[in-house]
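First comes the structure, then the notes that go with it.
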Amino acid sequence: GEGGEGGEGGVATIVLEGEDLERAQGAELELDGFCAVTLVERRGLLLPASGAFCVRHRERLYGFVDAPSLRAFVASPDAYVGAVLATVKAAPELIHILRLEAAFPAASIGEIMREHAQASRSDGSLLAPSQPVQDGSVQTELHPEAARRDPLYVWNEWELRRRAIQLTNLRQKVTTSSQTASSCLRRESQTQVYLPRESGTNTGVSTGTAPPRSVNYVAGLRGAPGSKMKVVNLVYDPEITIGRGR
C-alpha cells in the first residue's frame, strides 16, 4: 500500500511503499531520476535517486538518495520544486540533463527548431531551408601602368616667374671665406705609439713554511659507565718527518 502523506496547500504528497513502490520501479522519475533535495541543497550536484525512496506529488514521481532527503521533500514539496527550477535557471546546462524543457520553452532545442522552421517555410518541417550560396571573384590588372607625372611641372605662370627670380638671384651670389691667425696652418694630426711588451720573471726555487697544527680530541664519550671524559691535545708539525717516506 501507500505510506504516509504530507504536503502543503491542500496538495497530497504520498510516500510510496510496498506494492506501490514495486510498481513504481519501472516508471519514469522526474528530473531524469536525480534527487531533487540534493540538487537544491548542494547547489546543482547530481546524484542518482535510490529506488527505495519514491514520492508521488501532483501525479509525478520523485526519487531521493536517502530517507532524510525524502522527509525534507515531503515537508515542503512545492518549495523544493520551485528551488529546483531556480537552481536550473542559474545553471542552464542542467535544463536538458534533467529534461525540464517544458519549464523552460525558450531553451528547448525542438521548440527553437520549430519556431525557426515556421518563420522560414510553411510546410511544417523542422529543418530550415538551405541558404543559396554562390562563389564570387574579382580580377584586377596584373601590372597596372604607373602614371607618368613630373613632380616639378608647374602650370601656374606666377609660380614660374617666382622660380625664375630665384635662379637669377642665385647667379649673383658669391661664397666667401676668411682665415684667422688661430686657424692658420692648423690641421688634424695623429700619432701612434708602440705599447710595451709584457714581461715576467720566474724564480728557480719556491720555498715556504708551515706552522704546527694543534687539534683537540675528546676521549671517553662512549664506553663503560665508569669511564671518564678527557681532552687529548695533538700537535702536528709538518716539518718533522715521522718514519721514512717511500
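Miscellaneous remarks
- Number of the exception - residue 26 against (1) out of contact with any strand residue (DSSP E or B) (no Cβ under 6 Å at 6 or more places or on another chain); (2) under 25 Å from residue 109 (Cβ atoms): (2)
- The single condition among (1) within 30 Å of residue 113 (Cα to Cα); (2) not in a loop (DSSP other than H, G, I, E, B) that residue 231 does not meet is (1).
- Search result, residues across the range 38-79 that are within 16 Å of residue 103 (Cβ to Cβ), open to solvent by less than 30 Å² (accessible area, probe 1.4 Å) and in a helix (DSSP H, G or I): 39, 77
- Of the criteria (1) of a type outside the set (S, T, N, Q); (2) open to solvent by 30 Å² or more (accessible area, probe 1.4 Å); (3) part of a helix (DSSP H, G or I); (4) over 25 Å from residue 18 (Cβ atoms), which one residue 95 fails: (2)
The values are calculated or read from the model by the stated rules, or taken from the named source; none is laboratory data. The structure displayed is predicted, hence computed values, not measured ones. Positions of Cβ are generated from backbone atoms using ideal geometry, with glycine treated the same way; all protein chains shown enter the neighbour counts. All accessible areas refer to the heavy atoms of the entire protein, side chains included, with ligands and DNA or RNA removed. Shrake-Rupley method; radii C 1.70, N 1.55, O 1.52, S 1.80 Å.
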